[in-house]
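In what follows, a single structure is set out as structure tokens and then discussed.
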Amino acid sequence: MARKPECIAMLLAGGQGSRLGILTKNIAKPAVPYGGKYRIIDFPLSNCVNSGIYTVGVLTQYQPLVLNDYIGNGQPWDLDRSAGGVHILSPYQQIKGTEWYKGTANAIYQNINFIERYNPEYVLILSGDHIYKMDYSKMLDYHKEKNADCTIAMLEVPWEEASRFGLMILNDDGSISEFEEKPKNPRSNKASMGVYVFTWEKLRKYLIEDEANKNSGNDFGHDVIPAMKENGERMFAYQFDGYWKDVGTINSLWDANLDLLNPKVDLELDDDNWKIYSRSPIAPPHFAGKDSVIENSMITEGCEIHGNVDFSVLFANVRIEEGANVKYSIVMPGTIIKKGATVQYSIVAENAVIEEGATVGMSPESMSNIDDWGVAVVGNGVTIGNNAVVAPKAMVDEDMGGAE
Amino acid sequence: MAAKNVLGLIFSNAYDESVPELTAMRTMGSVPFAGRYRLIDFPLSGMVNAGITQVGVFTNSNYHSLMDHIGNGSVWDLDRKREGLTLLPPFSNRESGMSDGKVSSLYGNIGYISDSAKDYVLLTDCNIISKIDYEDMLKFSIEKNADVVEAYAEMIPSHLSKSTSFIIDENGRITETNFVDSYDKKLNTSVNVILLRRTLLERLLHEANSKRISDMETLFAKNLANLRVFGYKVEGYVKAIESVISYYEASLDLLKPEVRNYLFSDDSPIYTKTGDRTPSKYGINAKVKESLVADGCRIYGEVENCILFRGVTVAKGAKVKNSIIMQDTEIGENAKIECVITDKDVKISSRKTLCGAENYPIYIGKGIVI
């Protein structure tokens, strides 16, 4: 008998992540670098293989070049397989015309043929927007145990943030009694994580009906889930209680990186039983020079550090020259911070150059008006000239001349 | 000119006996080096960077760690249907009765060599830390219309290993090869990297088999007069690992920017098996100076003039100086370590003090708890 997967994963990776501004100018949100050597998509992909799910469709649409290149044949995640493996699914031309993915549900609808090829019992729907470690196999067990048609991963969020999420009101047996997508006045703080397990037969039926419905926005949260609820399908919530962060904004991306430096935050990446895999840079170990002072930081291979680094995350091949100060910042691969430059409360994207004496970002304490404070961002390949100043909250995606 | 027409052959066990501590459980090729590499990564990556697409790796003994490291060769893009990487374990050859050496390894695999149908064969060991441009060596060989090209470096040979030196005429031709018996001046010392025509190698191997010649040096020396044998000079950093002390010295040489930049230049990357470790974490009060640190380390203490391999922990108050600390070693709180080489998975308990000398480092074997 051929190896038939019980469950396959469909990973929605087409999002632009527009609130990340210049960081997603040329890459999709799931490809945004995180944590020194990862990209966001490493988390759902690694979760899949660690959960024993070896067939993953990755749905791409917005700026897919970097993402496609990064995923490649899936080898870093052991997803280069004869049976299953990782597959990039882009919108394609059909006899009836060409369609972009209109919504999350439509994206899956357009790939029904892909799923049917594996004919799984269950389909796991994921997004490529979150940092979390989760054992999907336990959720799948729960789905089977409850004989559910749809199981939604759920997390309790602070009440003040609840209105940003799809919320659920539950019955005593864990089944969902009501579902509200981003309500103004939340009645629950049990939020959907955008992780769903469906019994494939059921999902297939609803996707086809949803597509036929001209009034539908073809979205899971807005359309498919409410339709299933209305028809009385068996829908359950699966409680998750680990670290989970949507890195959809500059501040949350910055926070989520600095969370790695906080021993009180429950996100241990250095876990042999749940490794997060990534396409590793080809670089020698990092070098800390005789004048370097490095504390409370994460440093990746290929870095060369001669300056001061505190509460920061440095990606591969970053160079910090003598007397440069880097504090509370995220510095992405290949960036150079030259002598005497100061980078604080900032995100500096890949291959940027911060010239001598330049200043990027400011601490919130030094602001006269705290509302003006925000993380400063320097875009890919941008040069900040000698002694130039990048204000807090600024986003710089063009070279900035020097100042005297 | 990419060296597509060259078969690469690597002797993973050559000179194992010169560093018995480090090779007790492994081959010379799988000796850890430079924080995240094994010695074989250097010749293997060099071959791939030169455009070589077929590589055979000779193994005689203790090759478990080597197999684990090179796997199917995918890291070097050598996992191929045609050509690619092949491990060549010992092939017992009852008729030949030759001793366990390079010539017998080659003769035992003569079928593999001739099936490659390459014009050239490149032979190398794993114990030389350098960056030899094999592509340039091939170009040199073609220019000189050489039968054999042997690489050498101008250096003072070590009395610890049996070295060969060359006398070379103004055209670059080797006129004399000698076993070294003086150790006070620079000589044209062989680095045991040889490029020769495949058909010639096959002929020499048959000759060796019939005449019971067991070492390469003798084989080439005998044929010096009737072959066009040239010397290819290796410039830049060259260091032979022929004792634990020279291993220690070569490791600490990596802290010099010129050595590091030479070995790890962007245009000829050194590939190695990935460890999928997180970036290294520095804690409050961590002090790290003049050190090379691989991924997955956790540092809460002081580190100076050291090489830290993947996954090393230095607890708070610990002081580590002039030391080579291999993978997953744990150094306990307030421990003091100086001039020490710890192999993998060593544990140094809290408040222990270990001190070697710069010309005689202490070596602590794999998995030992102190």
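Mind checking which residues of region B:270-321 are β-branched (Val, Ile, Thr) and more than 9 Å from chain A (Cβ to nearest Cβ)? Can you show your working first?
Pass one, region B:270-321, residues β-branched (Val, Ile, Thr): B:270, B:272, B:274, B:278, B:284, B:288, B:293, B:299, B:303, B:307, B:312-314, B:320.
Listed by number, the residues that qualify are B:312, B:313, B:314, B:320.
Mind listing whichever residues of region B:138-147 are in a loop (DSSP other than H, G, I, E, B) and touching a strand residue (DSSP E or B) at 6+ places or on another chain (Cβ under 7 Å)?
From region B:138-147, those in a loop (DSSP other than H, G, I, E, B) are B:144-147; that's our starting set.
Matches in region B:138-147: B:144, B:146, B:147.
Go through region B:32-84 and report how many residues are within 14 Å of chain A (Cβ to nearest Cβ), assigned to a helix (DSSP H, G or I) and more than 25 Å from residue B:139 (Cβ to Cβ).
Here the count works out to 2.
Among residues belonging to region B:236-269 that are acidic (Asp, Glu) and touching a strand residue (DSSP E or B) at 6+ places or on another chain (Cβ under 8 Å), point out the one that is nearest to the other protein chains (Cβ to nearest Cβ).
It comes out as B:253.
When residue B:223 is evaluated against the numbered criteria (1) more than 9 Å from chain A (Cβ to nearest Cβ); (2) touching a Phe, Trp or Tyr at 6+ places or on another chain (Cβ under 9 Å), which criterion, by number, is the only one it fails?
Single failed check for residue B:223: (2).
Output the number of residues of region A:257-274 satisfying the condition of being touching a Phe, Trp or Tyr at 6+ places or on another chain (Cβ under 7 Å), part of a loop (DSSP other than H, G, I, E, B) and more than 8 Å from chain B (Cβ to nearest Cβ).
3
Can we say residue B:29 is touching a residue at least 12 places away in the same chain (Cβ under 8 Å), more than 20 Å from residue B:141 (Cα to Cα), outside any strand (DSSP E or B) and within 14 Å of chain A (Cβ to nearest Cβ)?
Judged against the criteria, residue B:29 is not a match.
Output the residues belonging to region A:294-308 that are more than 8 Å from every other protein chain (Cβ to nearest Cβ) and at negative phi.
Once the filter is applied, which keeps residues that are more than 8 Å from every other protein chain (Cβ to nearest Cβ) and at negative phi, region A:294-308 yields A:303, A:304, A:305, A:306, A:307, A:308.
I'd like the full set of residues that are away from chain A (no Cβ under 14 Å) and under 15 Å from residue B:277 (Cβ atoms), limited to region B:322-334.
The answer is B:329, and nothing else.
Scan region A:197-230 residue by residue and report those that are part of a loop (DSSP other than H, G, I, E, B) and surrounded by 17 or more Cβ atoms within 10 Å (Cβ to Cβ).
A:216, A:218, A:219
Take region B:293-332 and flag every residue that is within 26 Å of the chain's Cα centre (by Cα), without any contact (Cβ under 8 Å) to a residue 60 or more places away in the chain, part of a loop (DSSP other than H, G, I, E, B) and crowded, with 23+ Cβ neighbours inside 10 Å.
B:296, B:297, B:306, B:311, B:312, B:323, B:329
Residues in region A:163-184: is at least one over 25 Å from residue A:8 (Cα atoms) and in a helix (DSSP H, G or I)?
Yes: region A:163-184 contains one or more residues that are over 25 Å from residue A:8 (Cα atoms) and in a helix (DSSP H, G or I).
One line per residue, one yes/no per condition, for (1) more than 18 Å from the chain's Cα centre (by Cα); (2) surrounded by fewer than 19 Cβ atoms within 10 Å (Cβ to Cβ); (3) of a type in the set (Phe, Trp, Tyr):
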{"position": "A:86", "(1), (2), (3)": "no, no, no"}
{"position": "A:97", "(1), (2), (3)": "yes, yes, no"}
{"position": "A:115", "(1), (2), (3)": "yes, no, no"}
{"position": "A:120", "(1), (2), (3)": "yes, no, no"}
{"position": "A:149", "(1), (2), (3)": "yes, no, no"}
{"position": "A:172", "(1), (2), (3)": "yes, yes, no"}
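So which residues in region A:40-74 are touching a residue at least 40 places away in the same chain (Cβ under 8 Å), within 14 Å of chain B (Cβ to nearest Cβ) and farther than 14 Å from residue A:134 by Cα?
A:72, the sole residue that qualifies.
So, in region A:33-56, of the ones that are small (Gly, Ala, Ser) and under 15 Å from residue A:278 (Cβ atoms), which residue ends up surrounded by the fewest Cβ atoms within 10 Å (Cβ to Cβ)?
That would be A:46.
So that you can scan it fast, the table gives a plain yes or no per residue for (1) in contact (Cβ under 8 Å) with a residue 12 or more places away in the chain; (2) surrounded by fewer than 16 Cβ atoms within 10 Å (Cβ to Cβ); (3) among the polar types (S, T, N, Q):
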{"residue": "B:115", "(1), (2), (3)": "no, yes, no"}
{"residue": "B:127", "(1), (2), (3)": "yes, no, yes"}
{"residue": "B:154", "(1), (2), (3)": "yes, yes, no"}
{"residue": "B:173", "(1), (2), (3)": "yes, no, no"}
{"residue": "B:180", "(1), (2), (3)": "yes, no, no"}
{"residue": "B:183", "(1), (2), (3)": "yes, yes, no"}
{"residue": "B:195", "(1), (2), (3)": "yes, no, no"}
{"residue": "B:201", "(1), (2), (3)": "yes, no, no"}
{"residue": "B:216", "(1), (2), (3)": "yes, no, no"}
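Go through A:87, A:143 for me and flag whichever is modelled with pLDDT of 90 or more and in a helix (DSSP H, G or I). Full working, then the answer.
Working: A:87 fails: in a helix (DSSP H, G or I).
So the residue among A:87, A:143 that is modelled with pLDDT of 90 or more and in a helix (DSSP H, G or I) is A:143.
Results for (1) modelled with pLDDT under 95; (2) more than 21 Å from residue A:23 (Cα to Cα); (3) under 28 Å from the mean Cα position of the chain (by Cα), shown as yes or no for each residue.
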position: A:306; (1), (2), (3): no, yes, no
position: A:333; (1), (2), (3): no, no, yes
position: A:366; (1), (2), (3): yes, yes, no
position: A:395; (1), (2), (3): yes, no, yes
position: A:404; (1), (2), (3): yes, yes, no
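Here's a check for you: in region B:1-20, which residue that is without any contact (Cβ under 8 Å) to a residue 60 or more places away in the chain and not in a loop (DSSP other than H, G, I, E, B) is surrounded by the fewest Cβ atoms within 10 Å (Cβ to Cβ)? Break it down stepwise before answering.
Start the filter on region B:1-20 by keeping residues that are without any contact (Cβ under 8 Å) to a residue 60 or more places away in the chain, which leaves B:4, B:13, B:16-17, B:20.
From the residues that got through so far, the ones that are not in a loop (DSSP other than H, G, I, E, B) too are B:16-17.
Working: B:16: 22, B:17: 11.
Here the answer is B:17.
Look through region B:129-152, keep the residues that are more than 21 Å from residue B:40 (Cα to Cα) and touching a helix residue (DSSP H, G or I) at 6+ places or on another chain (Cβ under 7 Å), and return whichever of them is surrounded by the fewest Cβ atoms within 10 Å (Cβ to Cβ).
B:147
Can you name the number of the only condition in (1) at positive phi; (2) out of contact with any Ser or Thr (no Cβ under 8 Å at 6 or more places or on another chain) that residue B:305 fails?
With (1) at positive phi; (2) out of contact with any Ser or Thr (no Cβ under 8 Å at 6 or more places or on another chain) applied to residue B:305, the lone miss is (2).
Per-residue answers, yes or no, for (1) part of a helix (DSSP H, G or I); (2) modelled with pLDDT of 90 or more; (3) under 17 Å from the mean Cα position of the chain (by Cα):
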| residue | (1), (2), (3) |
| --- | --- |
| B:86 | no, yes, no |
| B:96 | no, no, no |
| B:100 | no, no, no |
| B:123 | no, yes, yes |
| B:136 | yes, yes, no |
| B:149 | no, yes, no |
| B:166 | no, yes, no |
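Which one of the conditions (1) of a type outside the set (Lys, Arg); (2) assigned to a helix (DSSP H, G or I); (3) within 13 Å of another protein chain (Cβ to nearest Cβ) does residue A:254 fail to meet, given that it meets all the rest?
(3)
Is one or more of the residues making up region A:57-67 in a helix (DSSP H, G or I) and buried (at least 18 other Cβ atoms within 10 Å of the Cβ)?
Checked against the condition, which is being in a helix (DSSP H, G or I) and buried (at least 18 other Cβ atoms within 10 Å of the Cβ), region A:57-67 yields at least one hit.
Only one of (1) within 9 Å of chain B (Cβ to nearest Cβ); (2) assigned to a loop (DSSP other than H, G, I, E, B); (3) closer than 21 Å to residue A:255 by Cβ is not met by residue A:277, so which one is it?
(3)
The values are calculated or read from the model by the stated rules, or taken from the named source; none is laboratory data. These numbers were taken from a predicted model, which means no experiment stands behind them. So basically every Cβ, Gly included, is an ideal-geometry build from the backbone, and we count neighbours across all protein chains shown.
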